[in-house]
Amino acid sequence: MREPPANGSDERARVVVIGAGPAGLMAAEALAEAGLRVDAHDAMPAVGRKFLLAGKGGLNLTHSEPLEPFLGRYGARREALEPMLRSFGPEALRAWAAGLGVSTFVGTSGRVFPSDLKAAPLLRAWLHRLRAAGVRFHMRQRWLGWNEDGALRFAAPAGEESITTDAVVLALGGGSWPRLGSDGAWVELLVKQGVGVAPLLPSNCGFDVGRTVAGPNEGGWSEHVRSRFAGQPLKPVALVFAEAGFARQGEFVVTASGIEGSLVYAASSFIRDAIAAHGEATIHLDLLPGRDAENVLHEVTRPRGPRSLSTHLKSRLGIAGVKAALLHEVLPAQTLHDGERLAASLKALPLRLARARPIAEAISSAGGVRFDALDAGLMLRARPGVFCAGEMLDWEAPTGGYLLTACFASGRAAGEAAARWCAAHALDRHAK
């Protein structure tokens, strides 16, 4: 890094990073490595609040699968994200963590975690390195946009402040987890500047169920399911959403109003979009993914003598608890007592979903700054010298390390592009 002049003045370009999550911190690191003065601002009282909470149960840093299928996880935004992910992808991210003294390992599912599973030690080591590189942090500073002179406006504890800078990196997050700072308040500020922003939508989210046979007329679970089974996992199960060609085995949780969990999150973007298009979406659940249809039919139609249907299904197929409850919740009586139709339903139980849960409850969000509003360096076409990174960009990905990896990669790309911008424009730096 270039040192400031011996006379004490510092004529290096100054860049402000707004948002001190993974994308913003990675942008700050890239800028500091380029020899620029870097000030990081965040509305929260401490750095990386969402990052720390996301890692509370084990920080899933990235994923170990080969790069080609890894890139495919970003769906329609693969083309836009691919250059960044090839430049700073899973292997580069693991090497970067090792440079901070944090070793990683691959779990049984292919997910990559720090050896101690914790986010806090990595963040502490990272912040120590950033501060040593000269990055200055300014907390409780909420960005308010620009004033008439083009200076950045911040609401600070002592009142409003204005800051003039050579370039800006915005890494303000999406709309999920607003209590940790990602509240989407920046959308209106950028739209006023003529920036194209796709509406923020919940991603990796749960859903409310629609009308069921046993539920109330307005939709939702019956009181029996709500009171006895909310919070219980449904496993093993396969979820099929034929409209999107989605079929995967895993588990999820029944909630008081619907369903959520890893298997639901994996299909959430398809389900959400289908509900937007058609008003509702119907998924099918294979409650016995380890058995073929012929075997299920054979067991269901076995003579059961005086035993009840519930006892018969439990003894022959292990259907009990929440799985049994869902059968009675969704299927009419005539289907329950028709062996062939019941067997088919055990392999493809239809479940109507009415709406996604609110974005504040979602793990992440879709939508954001459109890529056609940015140049190849993630700079806003409508505001030269302003770069965007992280979840505020218009992309989404499933859980499993894909979200964090793209945040890191886009943050680094934006920081490097901002450094090039400063070098190319040789801006007037006196009094900054």
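Laboratory data are not the source of any read-out in this text; all were calculated from the coordinates shown. The shown structure was predicted, so the numbers you read here are calculated from the model rather than taken from an experiment. With ideal geometry, Cβ positions are generated from the backbone for all residues, glycine too; neighbour counts draw on all protein chains shown.
Taking the fewest neighbouring Cβ atoms within 10 Å as the starting point, the ordered list for SER345, SER262, SER364 is SER262, SER345, SER364. Close amide H partners of SER365, meaning residues 5 or more places away or on another chain with modelled amide H under 5 Å apart, are GLY175, SER176, SER203. Taking other residues whose beta carbon is less than 12 angstrom from the beta carbon of PRO289, and scoring Lys, Arg as +1 and Asp, Glu as -1, yields +2. Rank GLY58, PRO121, PHE105 by how far each Cα sits towards the positive end of the charge dipole of region 35-147 (+1 on Lys, Arg Cβ; -1 on Asp, Glu Cβ) and give me just the farthest. The listed residue farthest towards the positive side: PRO121.
Just how large is the dipole of region 207-356 about the Cα centre, in debye to the nearest 20, putting +1 at every Lys and Arg Cβ and -1 at every Asp and Glu Cβ?
It comes to approximately 480 debye.
Projecting the Cα atoms of LEU313, ALA333, LEU349 onto the charge dipole of region 207-356 (Cβ charges, centred on the Cα centre) puts LEU313 farthest toward the positive pole. Computed about its Cα centre, the charge dipole of the chain is approximately 1040 debye, with only Lys, Arg, Asp and Glu carrying charge at their Cβ. Run a plain Debye calculation on region 207-356 (Cα atoms as equal point scatterers, no solvent) and give log10 I(q)/I(0) at q = 0.12, 0.14, 0.19 Å⁻¹, rounded to two decimals, same order as the q list. Values, matching the q order: -0.47, -0.65, -1.19.
Amide H contacts of THR62 (H built 1.01 Å from N, in plane; Pro and chain starts excluded): VAL112 sit under 5 Å, all sequence-distant by 5 or more or on other chains.
Relative to the longest principal axis of the Cα atoms of the chain, the long axis of helix 321-330 makes an angle of roughly 80 degrees.
Between the helical axis of 78-87 and the longest alpha-carbon principal axis of the chain there is an angle of about 60 degrees.
Residues in region 91-102 carry Karplus couplings, in order, of 5, 5, 5, 5, 5, 4, 4, 4, x, 8, x, 10 Hz; the curve used is 6.51 cos²θ - 1.76 cosθ + 1.60 with θ = phi - 60°, and Gly or Pro positions show x. Which one of ALA389, THR255, PRO157 has its Cα pushed farthest toward the positive end of the charge dipole of the chain, where Lys and Arg give +1 and Asp and Glu give -1 at the Cβ? With unit charges placed on the Cβ atoms, the residue in question is THR255.
Here the Karplus curve 6.51 cos²θ - 1.76 cosθ + 1.60, taken at θ = phi - 60°, turns the phi angles of region 354-364 into couplings of 9, 6, 6, 5, x, 4, 5, 8, 6, 5, 8 Hz, with x standing for Gly and Pro.
Across region 303-308, computed HN-Hα scalar couplings (Karplus, 6.51 cos²θ - 1.76 cosθ + 1.60, θ = phi - 60°) run x, 10, x, x, 5, 6 Hz from first to last residue, x flagging Gly and Pro. In summary, the aspartates and glutamates within cross-link reach of LYS235, defined as a Cα separation below 17 angstrom excluding same-chain residues under 8 places away, comprise GLU251, GLU260, ASP286, ASP292. When the inverse distances between all different Cα atoms of the chain are averaged and flipped, the Kirkwood radius reads 23.7 angstrom. In the chain, helical runs assigned H by DSSP with n ≥ 4 each contribute -39500 (n - 2.57); averaged across all residues and rounded to the nearest 500, the mean residue ellipticity at 222 nm is -10500 deg cm²/dmol. Note on region 320-353 and region 53-77: Cα centroid distance 35 Å, given to the nearest whole angstrom.
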